[in-house]
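Below is one structure, written out as structure tokens; the observations come after it.
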Amino acid sequence: MADYADLLSRVEALAGSGREIHDPATGALIARAPELSADDLDAAIARARAAQPGWNALGDDRHVELLNSAADAVDANAETLARLLSREQGKPLNGPNARFEVGACSAWLRATAATTLEPQVIVDDGQTHAELIYRPVGVVGAIGPWNWPMMIAIWQIAPSLRMGNTVVVKPSEFTPLSVLALVSVLNEVLPADVLIPVPGGREVGARLASHPGIDKVMFTGSTATGRKIIESSAGNFARLTLELGGNDAGIVLPDADPAAIAENLFWGAFINTGQTCAALKRLYVHDSICDQVVDALAEVATRMPMGNGLDEANVLGPLQNKKQFEIVSDLIEDARKQGGRIVTGGAPAPELGELFYPITLVADVTDGVRLVDEEQFGPALPIVRYSDVEEAIRSANGVDAGLGASVWSADPAAARTVAERLEAGTVWINSHGGVHPMIPFGGVKSSGYGLEFGVEGLKSVAVPQVING
Ligand code: NAD
């Protein structure tokens, strides 16, 4: 088991004179992260290619054993990993944050080990016997964002390894240390070159995605970058799973009980201080209960402390980086100018630190205001009043994104009728954003394509092959 200093020094040993990584809560320098050159990246991909046949040949039972051992290694180092994650990403240790994320890493490793993709007999009529089997794709390039850096890396790594692929993983340039530390823990049990980290900037990501030695790209990040990866896949024919931006709508039906749903609404919107792909980002509430829902949400907000993540009292943290802080501030300012009513928050909290912005509820806004139409990815929630559910459904479906959505009602059948009309990869009822390792997850429209998790997730990192005869 590594302690914090040991884990950090392992990561720093790779570092050379790389990028400085600062704690978003305090601005303090944590460490320098390594930055790969194009040559380093080529060499890493070559090593992963060379290792892949041997890894596949170990067989499925051994892959399962090693994924479970990797989960044990994560558990043994959980607190150390969580502290590093909290310092680098900003999310508190407590609440549904850093410890929760590290716990999800081992849970996903175990669940992936426990999921099996069986060959499928397609035709067996006495004359023809046709089976669909699944072979590894080869080398998977895993490219991740900065909001849930460890968990999303595991979502990409675990199924890929299970199916006999090797993985080259490119962490976000904002949160490389967390992923490097996690990979170093996983590599305590994995054979050499099966999982290779390639830290670096956007250019490393672009080169990885377009590299001829990559067979599959698992990408989670912005829609703009996703488009570039789609373009580059025309060159190397890499198969793609794209988990892109969201602008999830929630629709609260008139029969919902505001007090009963308020806490689930709050965490649906503000888990990880709103920096979550499938967070609730626009809330449509029936006119008859809109004021009560706003008041109930504001009351929950007063009970959720924000501050330095290492302080056990806190459950909300800073924005992870200056760029995201500016996006959120700008959208809130614009909503105020457009007549939005600031119910809580509405101005930065410099007394907490440079990147802190309090939970901000903005009521009395409409579609067409940027805070509603665009992804804020931070601690701000616009609340739109509606009087006719048809209007709310039209609004929910009226943006390009289609990752998640939710319907809130005391009547599950009524909620389901609305849910089936929403253009989103997942629609939750009376909750928002929860993911589960056995339940497929993916977006529609500009939120991307391909599924992660469960059996469908294993198919995404395999190549189907028909054996006929
Ligand atoms: P981003 O697209 O800026 O960066 C993501 C990763 O892509 C980084 O590692 C970056 O270095 C790399 N990259 C940059 N340019 C590249 C290129 N041309 N080719 C290949 N890789 C490149 O996204 P971000 O700001 O880190 O993340 C925030 C966004 O991610 C939000 O829109 C959010 O909704 C989305 N997101 C989606 C999910 C999901 O599951 N759908 C999950 C988390 C975040």
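The values are calculated or read from the model by the stated rules, or taken from the named source; none is laboratory data. What you are looking at is a predicted structure, and each value in this text was computed from that prediction instead of being measured. Here the Cβ positions follow ideal geometry from the backbone for every residue, glycine too, while neighbour counts run over all protein chains shown. When the accessible area is computed, the model is the full protein with side chains, heavy atoms only, and any ligands, DNA or RNA have been set aside. Shrake-Rupley method; radii C 1.70, N 1.55, O 1.52, S 1.80 Å.
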Rg/Rh for the range 105-197: what does it come to with C-alpha atoms and Rh from Kirkwood?
-> 1.13
Please state the charge dipole magnitude for the range 142-296, taken about the Cα centre, from unit charges on C-beta atoms (+1 on K and R, -1 on D and E), reported in debye and rounded to the nearest 20.
-> 840 debye
Cross-link list 170/459; 216/445; 228/323; 228/445; 91/322: which exceed 18 angstrom alpha carbon to alpha carbon?
-> 170/459; 216/445; 228/323
If you plug each phi of the range 437-449 into the Karplus form 6.51 cos²θ - 1.76 cosθ + 1.60 with θ = phi - 60°, what whole-Hz ³J(HN,Hα) values come out, in order, with x for Gly and Pro?
-> x, 9, 9, x, 9, x, x, 10, 6, 7, 7, x, 8
With a Cα-only, solvent-free Debye model of the range 64-126, what are the log10 I(q)/I(0) values at q = 0.16 Å⁻¹?
-> -0.58
What whole-number value in Å² describes the accessible area per residue of the chain for a 1.4 Å probe?
-> 38 Å²
The range 95-113-the range 1-71 distance, computed between alpha-carbon centres (Å) = 18 Å
In bins 5 Å wide, starting from 0, what share of all Cα pairs of the range 259-360 does each bin hold, as a percent?
-> 2, 12, 21, 26, 22, 11, 4, 1, 0
Could you state the orientation-averaged shadow area of the convex hull built on the Cα atoms of the chain, in nm² to one decimal?
-> 22.7 nm²
To two decimal places, what compactness ratio does the range 1-135 give when its Cα radius of gyration is scaled by 2.2 N^0.38 Å?
-> 1.46
Please turn the phi angles of the range 224-235 into ³J(HN,Hα) values with the Karplus equation 6.51 cos²θ - 1.76 cosθ + 1.60 (θ = phi - 60°), one per residue in order, whole Hz, x for glycine and proline.
-> 4, 5, x, 4, 5, 5, 4, 4, 5, 5, 5, x
Which value, in Å² and to the nearest 10, is the accessible area of residue 386 when all protein chains are kept and the probe is 1.4 Å?
-> 10 Å²
Among 339, 319, 361, the residue whose Cα sits farthest towards the positive end of the charge dipole of the range 285-397, when +1 is placed on the Cβ of each Lys and Arg and -1 on the Cβ of each Asp and Glu, is 319
Rounded to the nearest 20 debye, dipole of the range 29-112 from Cβ charges on Lys, Arg, Asp, Glu = 260 debye
Point-to-point label distance, residue 312-residue 429, nm (Cα→Cβ direction, 7 Å offset) | 3.9 nm
Helix-only [θ] at 222 nm, the chain, -39500 (n - 2.57) per DSSP H run of 4+, per residue, nearest 500, equals -12500 deg cm²/dmol
If you build the Cα gyration tensor of the range 240-305 and take the root of 5 times each eigenvalue, what three semi-axes come out, in whole angstrom, biggest first?
-> 24, 15, 8
Largest first and in whole Å, give the semi-axes of the range 146-287's equivalent ellipsoid, each being the square root of 5 times a Cα gyration tensor eigenvalue.
-> 34, 18, 13
Residues with amide H under 5 Å from that of residue 444, placed H, sequence gap 5 or more | 402, 403, 425
Counting only protein heavy atoms, what percent of the accessible surface of the range 196-344 is carbon or sulfur at a 1.4 Å probe?
-> 54 percent
Phi-derived 3J(HN,Hα) across the range 70-86 with the Karplus relation (6.51, -1.76, 1.60, θ = phi - 60°), rounded Hz, x for Gly and Pro, is 5, 5, 4, 5, 5, 4, 5, 10, 4, 5, 5, 4, 5, 5, 5, 4, 4
Exposed loop GluC sites (Glu not before Pro) only (DSSP loop, at most 13 other Cβ atoms within 10 Å): please give the longest stretch of the chain free of them, not including the sites.
-> 1-311
Given backbone amide H placed at 1.01 Å from N, residues whose amide H is under 5 Å from that of residue 280, ignoring those fewer than 5 places away on the same chain, are 269
Over the chain, what is the mean sequence separation of C-alpha contacts under 8 Å (at least six apart), divided by residue count, expressed as relative contact order in percent?
-> 18 percent
Given a 1.4 Å probe and the protein chains all in place, what does the accessible area of residue 170 round to, in Å² to the nearest 10?
-> 10 Å²
Spelling it out for residue 360: with amide H atoms placed in the peptide plane at 1.01 Å from N, the residues 5 or more places away or on another chain with amide H under 5 Å from its amide H are 380, 381
So in the range 74-169, what percent of DSSP beta bridges are antiparallel if you round to the nearest 5?
-> 50 percent
Any chance you could run the full-extension gain for residue 62 through residue 116? It's 0.36 nm times the residue separation minus the Cα-Cα distance, nm to one decimal.
-> 18.1 nm
Just report the Cα centroid separation between the range 163-233 and the range 117-140, whole Å.
-> 29 Å
Reported to the nearest 10 Å², residue 459 has, with a 1.4 Å probe, an accessible area equal to 70 Å²
In the range 83-170 the accessible area split gives carbon plus sulfur, as whole percent at 1.4 Å, a share of 50 percent
Out of the DSSP beta bridges found with both residues in the chain, what percent are antiparallel (nearest 5)?
-> 35 percent
To the nearest 20 debye, the chain has a Cα-centred charge dipole, built from +1 on Lys and Arg Cβ and -1 on Asp and Glu Cβ, of 840 debye
Once both label points are put 7 Å beyond Cα along the C-beta direction, the residue 354-residue 436 separation in nm becomes 4.3 nm
Options 457, 379, 442, ranked by Cα towards positive dipole end of the range 370-459, top entry (Cβ charges) = 457
Inter-centroid distance (Cα atoms) of the range 364-440 relative to the range 77-91, Å | 31 Å
Choose one of 223, 245, 211: the residue whose Cα lies farthest towards the positive end of the charge dipole of the range 206-254 (beta-carbon charges +1 Lys, Arg; -1 Asp, Glu; about the Cα centre).
-> 211
